[in-house]
C-alpha cells in the first residue's frame, strides 16, 4: 500500500477519488440497485436524527451550517461523479424518468449520486419538529416532489454539473417542507386536538 486514497476507475477512464465518490453516493447507498434515491433520502433522514442535528438551540444553529456545507460539497462531488459516470440510471430510476419526467435529460444525473437526496431531505425536515408523523410526512412528500419535479425543479435540473443535480432536490425539499407544515397543522387541528405526538 502506498498510502494514497483508493480510486475507482470510471467507465470513460477518468478516476474519481474515493472520498468524492463516497460522499456523492451517500456512503454508497446510491449503489443499491433499485430505488437508490429512496435509500439516499432514508440516509438523509437517519443522518438528521443524529443527536443535536434536529432539535433545540444546537439544531437551530448547526442545521443551516450543515445545509450550506452539504449543498456546496454536493455540487462538487455530484458534478465529479456525474462527469465520470454519465447519465447511467438504474432500472427503477429509468422507469420513473420515463413515467414522470418525459423528454430529454441532457445533463448527466446518474442513479448512484444521492447526496442531492440527503440535502433535500434535510431541507424537508428543517423546523418541522420531531416524531414519527413529521418524519414520515416529510419523507413521503420529499420523495413525491423529487420524482414529479414540479417547476422550477424541472428547469433547474437542466443546469450543468452538480448545480442541476443539487438544485432540483433543493426545490423538492422546500416544497416538501411547506407541504409537511400544512399536513402537521391539519393533523394538530383535526386529529390530535391541538397537540403533536
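Can you tell me how many residues in segment 17-53 are at pLDDT below 90, loosely packed, with under 15 Cβ neighbours inside 10 Å and either farther than 14 Å from residue 111 by Cβ or in contact with a strand residue (DSSP E or B) (Cβ under 8 Å, 6 or more places away or on another chain) (or both)?
Here the count works out to 4.
When you scan segment 94-106, do you find a residue that is assigned to a helix (DSSP H, G or I) and modelled with pLDDT of 95 or more, even just one?
Narrowing segment 94-106 to residues assigned to a helix (DSSP H, G or I): 94-100.
Applying the additional criterion that residues be modelled with pLDDT of 95 or more yields none.
Looking for residues that are assigned to a helix (DSSP H, G or I) and modelled with pLDDT of 95 or more, one finds none in segment 94-106, hence no.
State all residues of segment 123-169 that are on the phi > 0 side of the Ramachandran plot, in contact (Cβ under 8 Å) with a residue 60 or more places away in the chain and assigned to a loop (DSSP other than H, G, I, E, B); if no residue qualifies, say none.
Scanning segment 123-169 gives 129, 131.
The values are calculated or read from the model by the stated rules, or taken from the named source; none is laboratory data. Quick caveat: nothing in here was measured; it's all calculated off a predicted structure. FYI the Cβ positions are ideal-geometry reconstructions off the backbone, even for glycines, and counts take in every protein chain you see.
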